[in-house]
Structures are given as structure tokens and as C-alpha cells.
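Novice: Take this structure, written in C-alpha cells, and hold onto it; I'll ask about it next.
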Amino acid sequence: MARETWGTRLGFILAAVGSAVGLGNIWRFPWMTAENGGSAFLLLYVLIVLGVGVPGLMAAFVIGRRSNRNPVGAFKTLKGSRAWTALGLLCVVTAIALLSFYSVVGGWILRYFVESFTGAYFADPGAHFETISYGLEAFVYQLVILGITAAIVMAGVRRGIEAAAKSMMVGIVLLLVGLTIWASQQPNAAAGYEFFLDFDAEYLSNNFFSVLGAAAGQALFTLSVGGGTMITYASYIDDDRSLPFDASAIASLNLGIGILSGLLLFPLLFSFADGPTTGGAGALFVGIAGAFAQLPVGWLFGAVFFFVVLLAAITSLISMLEIPVSFLVDEFDIDRSVATGSLLGVVVVTGAFNAFSAAVFTLVADQLVDLLLTIGLTGFMFYVAWVLGPDAVEEFRNGAGTIARSIAVPWRYALGTIFPTFLLFTFYSDSLRLLGYTPPTELLVALTLTTAISVIGVIRWSDSKGETAQPATAEPDTESAD
């Protein structure tokens, strides 16, 4: 069957931004910021998005557009050992893990949107969230949000994903701007701005590695890079698009909406809640819901706010589901509707574990996903730099302007050395802390450098062995047969 493409460049950018923005910026970003020192976290987050996220986005775009395939098909058809296909399969697994917990949060948002009209959460937001966050009712709302997502993905790239992204993203931005202006007028907005924007060097110095890991994970989460989404979306774009421009536009819009969300949420948390760290993963549903409960016509503000967040959740869920759907469509020639329905059944099962267990949800949402995204992007970078190599540079330059074309070679070598080394450092730091061990910096550096050098060495050795194993091209027979 013919493979679909994006109808317009704007459609691709808005779909990619919709994937990136989602709950990562409106739900997870304030939560992570509050738990990691406010402005200290914000500074590292901005630096990682621009310094690592944008080059990483371009790596994913190169893989996707070069192959015109899903993550598994991309690594199967492009250069290099077939062992790289495992990295594509990791993307599919990561997407299902993301869908499994993300749809639970989407269900919470849908419920709060509905309950805004009745004021069900106004009396005691904390107790209400504790009551509804896990269990059968949470699972039912999860099923509804998954059904909406599946219906859009079934409609296809242009009629489903692109059309939904264009309408939803415009609505998200306009409503966010309006709500942010309103939040700036609240009684303790200045304290919220100070927490969010006034740099705290002492906190960062005392908690550098924990903040660094959280900021790196959040950057990869919000940019949807490392999990295969951007490989999949880039596989639908044409060769005349500038990948550096698109990556920069997506990262900038994502960063802007994340900061806008902070400017909305922290003034409300300081004005109407017990502080920015109240609620953890439920901060959005406890602190913000409490703010609406204290306002005249709070139900209206609550409904508008949770409608914005609902749109953001759906745009992200669409991108996550598209990864395994494109895998089944591309690799097994399965009809899109059948593929979507089958995967919906899988996610219902895996998602149920998150909907019924707070411990499983916290493990997946707060730790496992960050590690999967980090190791995924690290693999993308090594692959693009050392396996695709000159082909990656060529793909980078296709459709790019003069300035962008000039940085293609430096981008390739930074992608193969500096950026993945940084990601490996955060991966080891977070993994060991998850196991209850806080290693000395020297050990982390040694482990990181040893891994990076070893991986590059193995890739180069494997590449040289592959070239040696290729049979020599036979010279044409110039002698006439008698």
C-alpha cells in the first residue's frame, strides 16, 4: 500500500510540537521543576533542550527521512549491522510504556474536565485526587482517552494526525496565553515568578547531579526524542525540507510553551495552594484544582484549563500510538485500522497495571521512561555519527540553507562524541541512584568514558569488518568467448 505523507510543512511542525508539548510541558514540567529547585532546574532544562535536544532531534529526523520507515524498519533498511534493529524495537517498547502511564494521566484530565462543571473536586482537592487517581474508575477514564486517541490515529496521517494537530495546537496556545495573563493578576503571583525565574545557585550546587538527571530526562520527554516519535514523523516528510530549521522551530516552540506553562501554574500554586511542591505527580490536580475552587465561577476557569490540558494530552498520545502502528503497517503490511485496534488492546492490558497501581505508575512515569528515552537517544546519536556517517551529513544538508549546511560535519562529530557522552553520564547517574547508590563523580566519569570509547570502537570495528566481508565487484569480462 502507498505510504502516507504530511500534507503541509506546518502540519508536520505542529504535529511534532503537539507531540513534544503535551503533558510533558503542562503536567510533568511544573512537577519536575517544583521537585528540583525551580529556577535551578529551569536553567539546566533550557541548556539541555538547546544544546542536546536540537542536535538529537536532527539525528532522529535524519534516520526517519533517510529511511522513510518506522524505527524498526529504519534500522533494518539503512546501513549497518542488523543488530541495530534492536534499537528500533526498543522504540516500540518505549512507546508502549509511555502510552501505558500517559493514558492514565489523560484519564485524570478528562475526568477533571467533566467534573469542573459540577465542582466535584472543589471541596477537598487533595482527598478527591487520592480517591480517584487509581482503581476501576481511573481505568474507565483511561479507556475513553485511549479510544479517542485510537480513532484519530485510525484516520491516517493527513486526515487524522495532521488535522487534529493543526486545530488542537492553535487552541492550546491561545487558551494558555489567556490563562497566563489571568494568572499574573493573582495575589501571590510575584512569589511564583521568583521561584520559577530567580536563579538559585546554592541549590544547584548542592543538588547538581540529581537536577541534571531530572532536567535531561524532562528535555528528552518533552521533545519526544529518544523514543522513536520523531523518526516516525520525519519518515513522512519530503526531501526538500530543512531538517535544521524544522528541529529548531519545534524545540523553540516546545520551550516557549513549557515556560508559558510555568508562568501560568506557579503563580496559581503560590497564590492558592500550599506551595510548589504540593502533590507530586498530582500537583496539577491538587494545587491548581484548589485554586479554581477559591475563585468566583471557578468551574469555568477549571473547565477551560483542563480542556487545554486534555488537548495537549491527546496530541502526545497520538504520536506515541503512531510508533507501533507504523511498525505494523510498514513491516507487516497490516491495515492501519486493524493495526491500531490490535495495539489498543495491548495498551489496555499494560495500561491497566498503571491505572490500578500507584507503585507501578510512579516507577514507569518518574524513572523508567527517562532511562529508556536517554538510552534510546544515545543509540540514535552513535548510529547517525558512526554508521550512517557521510550519508547522515548528506541527509542533513538536503533542503538546508547555507549556514545550516556548513555545520553538518561538526554536528556529525559532536553527535558521535560529546552529546552521547553527556547522556551516558546522566544515564549512569540516574540508574545507580535508582538502585540506592550515589557514586563519586570520578567513578561516573570513568564509567561514562569507558562506555563511550568502547561503543565507538565496537561500531568502527564492526563497520570495517562489514566492508572487508563484502565481495569485490567483478570486473567486466572484456574477452570474447570463442
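Novice: Helix-only estimate, please: 222 nm mean residue ellipticity of the chain, summing -39500 (n - 2.57) across DSSP H runs of length 4 or more and dividing by its residues, to the nearest 500.
Specialist: For the chain, the value works out to -24000 deg cm²/dmol.
Novice: How many angstrom lie between the C-alpha centres of segment 280-328 and segment 221-262?
Specialist: After rounding, the separation between the Cα centres reads 21 Å.
Novice: Sort W31, W108, W182 by Cβ crowding within 10 Å, fewest neighbours at the top. Provide the component values of the computation, followed by the final result.
Specialist: Numbers: W31 22, W108 28, W182 16.
With the fewest neighbours first, W31, W108, W182 line up as W182, W31, W108.
Novice: I want to verify the translational diffusion coefficient of segment 83-217 in µm²/s; compute it with Stokes-Einstein, Rh as the Kirkwood radius over Cα pairs, at 25 °C and 0.890 mPa s.
Specialist: 128 µm²/s
Novice: Could you please tell me the mean projected area of the C-alpha convex hull for segment 279-431, averaged over all directions and given in square nanometres to one decimal?
Specialist: In nm², the orientation-averaged hull projection of segment 279-431 is 14.2.
Novice: Quick one: if the Förster radius is 30 Å, what FRET efficiency do E137 and V346 give, using the C-beta to C-beta distance and rounding to 0.05?
Specialist: The calculated FRET efficiency here is 0.85.
Novice: Then there's this: Treating the Cα atoms of segment 394-436 as identical point scatterers in vacuum, please give the log10 of the normalised Debye intensity I(q)/I(0) at q = 0.18, 0.21, 0.23, 0.32 Å⁻¹, two decimals.
Specialist: Values returned for q = 0.18, 0.21, 0.23, 0.32 Å⁻¹ are -0.61, -0.69, -0.75, -0.99.
Novice: Mind jotting down a quarter of the surface of the convex hull over the alpha carbons of segment 9-366, in square nanometres, one decimal?
Specialist: 16.9 nm²
Novice: Another question, if that's okay. Can you list the residues of segment 207-241 with backbone N under 20 Å from a point 7 Å past the Cα of N398, pointing along Cα to Cβ?
Specialist: 228-241
Novice: Here's something else I'd like to know. Could you list Y413, Y203, Y383, Y233 so that the one with the fewest beta carbons within 10 Å of its beta carbon is first and the one with the most is last?
Specialist: In increasing order of surrounding Cβ atoms, one gets Y413, Y203, Y383, Y233.
Novice: Another question about this same structure. Can you put T118, T180 in order, fewest other beta carbons within 10 Å first?
Specialist: Arranged by neighbour count, lowest to highest, T118, T180 become T118, T180.
Novice: Calculate how steeply helix 441-469 sits against the longest principal axis of the alpha-carbon atoms of the chain, using the helix alpha-carbon long axis, and give the answer as 0 to 90 degrees to the nearest 10.
Specialist: For 441-469 against the chain, the angle is about 40 degrees.
Novice: Based on alpha-carbon centroids, what's the gap between segment 145-173 and segment 186-218 in Å, whole number please?
Specialist: 34 Å
Novice: Whole-Hz ³J(HN,Hα) for each residue in segment 66-81, computed from phi via Karplus 6.51 cos²θ - 1.76 cosθ + 1.60 with θ = phi - 60°, x for glycine and proline: what do you get?
Specialist: 5, 9, 6, 9, 5, x, 5, x, 4, 6, 6, 9, 7, 5, x, 5
Novice: Here is a further query. Can you work out ³J(HN,Hα) from phi for every residue in segment 145-162, in order, using Karplus 6.51 cos²θ - 1.76 cosθ + 1.60 and θ = phi - 60°, giving whole Hz and x for Gly and Pro?
Specialist: Result, rounded to whole Hz: 5, 5, x, 4, 4, 4, 4, 5, 5, 4, 5, x, 5, 7, 6, x, 5, 5.
Novice: Once you compute Rg and the Kirkwood Rh from C-alpha atoms, what is the Rg to Rh ratio for segment 365-427?
Specialist: Ratio value, two decimals: 1.08.
Novice: Shifting gears a bit: Give the angle, between 0 and 90 degrees and rounded to the nearest 10, that separates the Cα long axis of helix 85-116 from the longest principal axis of the Cα atoms of the chain.
Specialist: Relative to the chain, helix 85-116 is tipped by roughly 20 degrees.
Novice: Modelling each spin label as a point 7 Å along the Cα-to-Cβ direction, I'd like the L432/A86 distance in nm, to one decimal.
Specialist: That separation, rounded to one decimal, is 2.3 nm.
We did not get these values from a lab; they are worked out from the coordinates using the rules stated. In this text, all values refer to a predicted model and were calculated from it rather than measured experimentally. Here the Cβ is made from the backbone with ideal geometry for all residues, glycine too, and neighbour counts use every protein chain on show.
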